[in-house]
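Okay, so here's the structure we're looking at.
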Amino acid sequence: MYKNILLPTDGSPLSNRVVRDAAKLAGKLGATLTGFHVAPTYHIEVYADYVPPDLITPQQHAANAKKAALRHLDVVKKAAAANGVTYSGYYVLSDTPADAIVKAARKYKCDLIYMGSHGRSGLTKLLLGSQTSKVLAHTRIPVLVHR
């Protein structure tokens, strides 16, 4: 059925629950699990002559993003191993996570995207947006939404 499942993760408690269930599904299907994390790109918030005291360099940001991504992807790696599933993990820097997820699914030849949804509705959904909704709107690859 499905051979390569893309599993976006942000390290949240919901995401970690999704990881466990996706790894179980991959094990039952004999599929590969491709972990994926999107970290925000580097931005400098400078106002006129004011430079924030906690300003970090682009290199420090990249190192911090890599460290966080590897920590989140390690959860996927361990869940895959516990279920006898082949694993690969990747991360990118992007301010548009949904677009990055769709591109990753194509790039890594995934035939299913398995992702969580907080189930927000109304004004909260409008203000915060939903990466899951955006992925659903922009991909032709099947998406399994876990709540």
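Values quoted throughout were computed directly from the atomic coordinates according to the rules given, and no laboratory measurement underlies them. Only a predicted model underlies this, so the values are computations on that prediction, with no experimental measurement involved. Note: ideal-geometry Cβ built from the backbone for every residue, glycine included; neighbour counts use all protein chains shown.
Hey, if you put +1 on the Cβ of every Lys and Arg and -1 on every Asp and Glu Cβ in the chain, which of 89, 105, 27 ends up farthest toward the positive end of that dipole?
27
Given R₀ = 25 Å, what would the calculated FRET efficiency be for residue 3 paired with residue 96, taking r from the Cβ atoms and rounding to 0.05?
Working: r = 27 Å, r/R0 = 1.08.
Efficiency computed from Cβ-Cβ geometry: 0.40.
Mind ranking 22-33, 59-70 by how tightly packed they are, going by the mean number of other C-beta atoms within 10 angstrom, highest first? Spell out each step's value before the answer.
Values: 22-33: 19.9, 59-70: 14.2.
Ranked by mean Cβ neighbours within 10 Å, highest first: 22-33, 59-70.
Per-residue counts of other Cβ atoms within 10 Å, averaged by peptide: what ranking do you get for 72-85, 131-144, highest first?
In descending order of packing, they fall as 72-85, 131-144.
Rank by packing, highest mean first: peptides 94-107, 45-58, with packing defined as the count of other Cβ atoms within 10 Å averaged across residues.
94-107, 45-58
With each pseudo-label sitting 7 Å past Cα toward Cβ, what's the residue 62-residue 41 distance in nm, one decimal?
1.5 nm
In straight Cα distance, which lysines are under 24 Å from residue 78, not counting same-chain residues fewer than 8 positions off?
3, 24, 28, 66, 67, 107, 109
Hey, if you put +1 on the Cβ of every Lys and Arg and -1 on every Asp and Glu Cβ in the chain, which of 1, 58, 80 ends up farthest toward the positive end of that dipole?
Most positive-ward Cα: 1.
If you put +1 on each Lys and Arg Cβ and -1 on each Asp and Glu Cβ, how big is the dipole of the chain around its Cα centre, in Debye rounded to 20?
Details: 19 positive and 9 negative charges, 170 e Å.
Taking the Cα centre of the chain as origin, the dipole is about 820 debye.
Students often get this wrong, so try it: which of (1) 42, 35, 25; (2) 54, 33, 28; (3) 58, 35, 27 is Cα extents along the principal axes in Å as calculated from the structure shown?
Read-out from the structure maps to (3).
Between residue 111 and residue 54, what FRET efficiency comes out of the Förster formula 1/(1 + (r/R0)^6) with R0 = 41 Å and r the beta carbon distance, rounded to 0.05?
On the way: r = 43 Å, r/R0 = 1.04.
After rounding to 0.05, the efficiency reads 0.45.
Counting only helical runs of four or more DSSP H residues, what would the 222 nm mean residue ellipticity of the chain come to if each run contributes -39,500 (n - 2.57) and the total is spread over all its residues?
After summing the helix terms and dividing by residue count, I get -15000 deg cm²/dmol.
Contact order normalised by length for the chain, with contacts defined as Cα pairs under 8 Å and 6 or more residues apart; what percent is it?
Numbers: 229 pairs, mean separation 47.1, N = 147.
Taking the mean separation of contacting Cα pairs over the length of the chain, I get 32 percent.
Of the DSSP beta bridges with both residues in the range 1-145, give the percent that are antiparallel, rounding to the nearest 5. Could you put the intermediate results ahead of the total?
On the way: 1 of 18 bridges.
Roughly 5 percent of the beta bridges in the range 1-145 run antiparallel, per DSSP.
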